[in-house]
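The values are calculated or read from the model by the stated rules, or taken from the named source; none is laboratory data. On a predicted model such as this, the values are computed, not experimentally measured, just so you know. Here Cβ is always computed from backbone atoms with ideal geometry, including for glycine, and neighbour counts include all displayed protein chains. We work out accessible area using only protein heavy atoms, side chains counted, and drop any ligands, DNA or RNA first. Shrake-Rupley method; radii C 1.70, N 1.55, O 1.52, S 1.80 Å.
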Amino acid sequence: MRRVLLIVMMVLAAGCSGRGAASSQGAPRPSATPSQAGGVVSLTFDDGLARQEHMAAELTTRGMTGTFYVLGTRVQAPGYLDQARLARLAQAGHEIGGHTRTHARLPELHPDEQRREVCGDRSALEAMGFTPRSFAYPFHAVNAAAEAAVRECGYNSGRGKAGVAAERTTPADPYDLNTPLAVGARTTLPEMQQYVLAAEQRKGWAILVFHDYCDDCGPLGVKPAVFTAFLDWLKGRPVAVRTVGDVIGGETRPVPPLKAPSIVLNASLENYFGKEGVPDCWQLDGRSGKATFGRVPQARTGRWAVRVQVTGGDPERLRLAVKQDDGECAPRPGRLSVWYTSTVPVRFTYSTRTADGVWSRWSHSPEFPAAPTWRQATWTPPRDGAANVSFGLVLTAPGQATFDDFALR
Ligand SMILES: [Zn+2]
């Protein structure tokens, strides 16, 4: 009897030290609870589409909860769930998780862009009052660097590769949770049931992926009749339906402190999810009837460049510059460069931020000549011990210019 007690105590001690080691690395330690012994199903919903509100309601009426992976920059956009609706989902017990700011393909990005997409997005969701613990990689695109970013940004899991019927309830890699292929318009009820039955048989975890909800809205739109029939069937199965965050468990970890990027984020001006079509991580001042701004397809690289046009007034008032923030977008200082075409001479405008957070007034570089074809302007501002820099290019006379591919070295 004493011996049994001793063994029990040793096992308990080993369990505790194991958990301690895991939390010191900041990684969660998933554990199957008794209710998961017959297998688990997680219903996950991507991109925060507006019609998912109806899917959530169908879950709620059946006493189920799901995980909604949303994009921070689209929360207020038409066709997407807004903050109030997401808050209602959270109140009903559904989980709000992260999915990057702009639906980014993370493995292709510089680590600083990854931090912006994952940590910046998680901060934004927290500022809206949510506590995201779970993350899903857009396009199921995952590699070691993307996993490292998701872990560093404080998420407890990342939903990754598709094509695996049943994940383990104690996943080998919580930052690459495997799923069956996304459920779409052509997925049949028996196919959806098969995913659940596979999890039941293997005592595993089926993480189902849904997007839109309608009778005819594209390849990823699930038909309401099929979805509700599936939920009714699922309710009678011996599997637990749980959110991803609940299966993984673990504390909510903080978003790490800001680290000023070493590069210009969104440097090729490709992401436009901010207000009034201003590129993400950029700010626009001085727009008027005589000073216009817009993206154009005459790009040097990528899909878009930015065009500014001034017909009167002070031409330097129209200024597109790196966002003057506290280091989420504003990079560390260095040598500035940009590619441009212009009908008039241009010059850099720049402002620096001290370590205690004060932005300087705008200063200017020498002029660069008008250029009918793409030309690179480079210039190094005086070193003044600044922590961050913001910069852009301005016209020195009424005219038109196109910018692309800003950089910092
Ligand atoms: Zn997505």
For segment 114-139, give me each residue that is assigned to a helix (DSSP H, G or I) and open to solvent by 50 Å² or more (accessible area, probe 1.4 Å). GLU126, ALA127, PHE139
Just to be sure before I move on: is MET64 more than 12 Å from the ligand (Cβ to nearest atom), touching a Phe, Trp or Tyr at 6+ places or on another chain (Cβ under 6 Å) and open to solvent by less than 50 Å² (accessible area, probe 1.4 Å) in the structure I sent? no
Being of a type in the set (Asp, Glu) and modelled with pLDDT of 90 or more is the filter here, so list the residues in segment 154-175 that pass it. ASP173
Give me the residue from segment 71-93 that is farther than 14 Å from ALA127 by Cα, within 16 Å of the ligand (Cβ to nearest atom) and not charged (D, E, K, R) and, out of that set, least open to solvent (accessible area, probe 1.4 Å). LEU81
When segment 96-113 is checked residue by residue, the ones that are within 16 Å of the ligand (Cβ to nearest atom) and crowded, with 17+ Cβ neighbours inside 10 Å are ILE96, GLY97, GLY98, HIS99, THR100, ARG101, THR102, ALA104, LEU106, LEU109
When you look at PRO224, is it over 20 Å from VAL164 (Cβ atoms), modelled with pLDDT of 95 or more, open to solvent by 30 Å² or more (accessible area, probe 1.4 Å) and not aromatic (Phe, Trp, Tyr), yes or no? yes
Looking at GLN114, GLN91, which one is without any contact (Cβ under 8 Å) to a residue 12 or more places away in the chain, assigned by TED's automatic domain parsing to the domain that holds MET55 and not small (Gly, Ala, Ser)? GLN91
Which residue pairs have Cβ atoms under 9 Å apart, sit 6 or more places apart or on different chains, and have a first residue in segment 130-152 that is small (Gly, Ala, Ser) and a second that is open to solvent by 50 Å² or more (accessible area, probe 1.4 Å) and more than 16 Å from the ligand (Cβ to nearest atom)? ALA145/PRO111; ALA148/PRO111; ALA149/PRO111
Filtering segment 153-185 down to residues that are in contact with a helix residue (DSSP H, G or I) (Cβ under 8 Å, 6 or more places away or on another chain) and either of a type in the set (Gly, Ala, Ser) or free of Cβ contacts under 8 Å to residues at least 12 places away in the same chain (or both) yields GLY154, SER157, GLY158, GLY160, ALA162, ALA165, ALA166
